[in-house]
Amino acid sequence: MIFFVKNIYRTILTHWKANLLILADLILCALMIFIMLQNYSFAAYEFGRYYGDEGLALTYTITSEYDRTQDIPFYKQSPMYEATKLVKEEIQNSEFWKPYYFVWLSLPRSIFVSELPEDFELQYDPKYPQPGFSDINSILFSKHLMAIQNITIFEGREFIAEDHELSAETVSLILGYDFLPFYDVGDIIIYDGQSAKVVGFLTDNAFLRVFDGDYYNLDRSVILPRMFSHDASTTSDPELFLLLDGGNLAVNNPQTDVQAEINKITAKYGWFPIRCEPIDGSRYINTEVVTQKNIALLLFLAIISSLLCLTALSNILFKRTIKEYSTHCTFLLSGTPLWKINLSIIIEMAFWTGLAIVPVIALSYLEYGRMLVSPLYILGFMGMIVAISLIPVIILNGKSNLDLFMRSRSE
Amino acid sequence: MALLKLTNISKSYGKDERKTAVLEGLDIAIEEGEMLAVMGKSGSGKTTLLNIIAGIDYPDKGEYIFLDTPVLLRKTSDGVRFRRNQIGIIVQHFALINDFSVCENVEMGLWETKMSRKERRSRTMEILDQLEIRTLSDHYPPELSGGEKQRTAIGRAIVTKPRLLLADEPTGALDNLTEQNIMDILTKLNKEGTTMMIITHDEDIARRCTRVIELKK
């Protein structure tokens, strides 16, 4: 123990110039490693955020980009009409997502029972809040929507596949919770000569998620599975329009490149481009190149800067050890083993390395108020660099030749 | 009783055609309490002999017995251990560490022993008193004269009470007066029971030893 204390104290003072250089080199190295690791952790965090499931978009809106002043592909006379149906069918049946949509409608108050309070329709109607408007808000729900948005039934049943068919004679209705005192399951509502049957009631405070963070209360809304009335003789096909120009896709795997998959479908039928936009989380595809390049660049810079530090450190240490040659021989001559001499150098370098990360810790606390990268990581990298730079020194010490030392000035 | 015995020792340097034999079939024994002077011209193998005895170098051939035990040194660390326990060495250029005080340079020989700090300090002071350099204990080698440096080196060599003191031209770098002074110290140490072997060119020094051998090429 006494040897280590005396020898380290001696070398710290005797080689103060070399030691200052070593310390400066190590501080520089620690700062570079810190900056690299800091940036790497940021980049890795971003990378993880985009490539991991967390934070990735789960829902996309799709909008068809056809020229609205020219050919409307949803019209029956359009040459694209048949292709439009195929595109919609393929989007609906894709294994990558579940499509859904909703359409705001309104039903005249006169078709409902007169017991409905006067202000029944006003409380939650976002579009027509002014008094005097007396339509009841209704919303057309596509297949999958209730399941995807977890909208549940208080009484009765949900829509079944047949409810969404245009051919069904009776339209099924699900009413909001506030209709419960006025209607029962099985009641019939007549509108425009067509009968609609109440099949269920939504739970209290059921909400429809319109956009990310925008919810609409359904307690006083009527939910329809399809258009209330359908005139087959019209030139347009509103059902066809529904998904392709304002629908949503709930992806099964958040890492799916939705735009690429949609592009494949439209290209297959020569249809108009469909733009896909995430409405929650983040887009997957654009971040890929940036984060990967950042990480590669940081890795490259870290290797280059570490090599420069390593070369400088190794050089200084080697020259310092050459100056120590006769001292080391004297130690060996007086019975100090070589491993102790080497260990003494290693301990001293550990001391300088520990000292070198103090500015890094100070910088981190000054800048961020805490250590974003563990000091152990920095010490690990520094330790590797110092260990490699010590190899030539250990080899040099191992070649200490006492025979030559004895003869050096004696004959 | 022989402290050490070298039998049929041979040592050469270089390889193949450049091979030069330095020692060939050397037989030598050093008795306990003896003060042996080894003389010879440059290149006769004096320092090689000292290095072999000190465990710094190894003979190519022959047997080395120290205190009735064969000395088999296979690694550098074996030599270090052997020296630490048995041998004290003094060299012409003193081999002092300039960054250590006189006291630390002497005490250094005890760092590898199991002595307590107090015991180390006491033993060191004893040696400094013996060599009359106690007043210099806080001085550093660059502040000392040649004689004072050599006394410090002697102090470091004898502080562990070695069985054998090896001195390679111990007065080679000193003036006549200082040389006599150092030889007085070595003679006194010998009379107190320290066995020593001195490598020298100087016949005056050899004359003060109990036995002289001359190595020839």
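What the table below lists for this structure:
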quantity: Breaking point among (1) within 12 Å of chain A (Cβ to nearest Cβ); (2) within 24 Å of A:Arg10 (Cα to Cα); (3) in contact with a Gly (Cβ under 9 Å, 6 or more places away or on another chain); (4) assigned to a helix (DSSP H, G or I), for B:Glu112; calculated: (4)
quantity: Helices (runs of 4 or more DSSP H) wholly inside the stretch A:324-411 containing at least 1 residues that are of a type in the set (D, E, K, R) and within 14 Å of chain B (Cβ to nearest Cβ); calculated: A:338-356, A:402-407
quantity: Residue list for the stretch B:59-91, filter: assigned to a loop (DSSP other than H, G, I, E, B), touching a residue at least 40 places away in the same chain (Cβ under 8 Å) and surrounded by fewer than 18 Cβ atoms within 10 Å (Cβ to Cβ); calculated: B:Asp60, B:Leu67
quantity: Subset of the stretch B:153-172 that is hydrophobic (A, V, I, L, M, F, W, C) and closer than 17 Å to B:Ile97 by Cβ - its residue that is farthest from the other protein chains (Cβ to nearest Cβ); calculated: B:Ile154
quantity: Qualifying positions in the stretch B:44-87 - charged (D, E, K, R) and more than 18 Å from A:Ser408 (Cα to Cα); calculated: B:Asp60, B:Lys61, B:Glu63, B:Asp68, B:Arg74, B:Lys75, B:Asp78, B:Arg81, B:Arg83, B:Arg84
quantity: Residue check for A:Ser334: more than 41 Å from the chain's Cα centre (by Cα), buried (at least 19 other Cβ atoms within 10 Å of the Cβ) and without any contact (Cβ under 8 Å) to a residue 12 or more places away in the chain; calculated: yes
quantity: Qualifying residue in the stretch A:179-188 (condition: in contact with a strand residue (DSSP E or B) (Cβ under 7 Å, 6 or more places away or on another chain) and crowded, with 20+ Cβ neighbours inside 10 Å); calculated: yes
quantity: One residue from A:Ile22, A:Ile12, A:Ile35 being more than 14 Å from chain B (Cβ to nearest Cβ) and either crowded, with 18+ Cβ neighbours inside 10 Å or modelled with pLDDT of 85 or more (or both); calculated: A:Ile22
quantity: Residue pairs meeting the criteria (Cβ under 8 Å; at least 6 apart or on separate chains; first more than 16 Å from A:Glu65 (Cβ to Cβ) and in contact (Cβ under 8 Å) with a residue 60 or more places away in the chain, in the stretch A:249-277; second in a helix (DSSP H, G or I) and of a type in the set (Phe, Trp, Tyr)); calculated: A:Gln255/A:Tyr51
quantity: Number of the condition not met by B:Pro70 [criteria: (1) under 17 Å from the mean Cα position of the chain (by Cα); (2) within 30 Å of A:Asn397 (Cα to Cα); (3) more than 9 Å from chain A (Cβ to nearest Cβ); (4) not β-branched (Val, Ile, Thr)]; calculated: (1)
quantity: Unique match (being more than 14 Å from chain A (Cβ to nearest Cβ), more than 17 Å from the chain's Cα centre (by Cα) and among the β-branched types (Val, Ile, Thr)) among B:Thr178, B:Thr194; calculated: B:Thr178
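The values are calculated or read from the model by the stated rules, or taken from the named source; none is laboratory data. Please read these numbers as outputs of a predicted model, since none were measured by experiment. Counting neighbours? That spans all protein chains shown, and the Cβs are built from the backbone with ideal geometry, glycine included.
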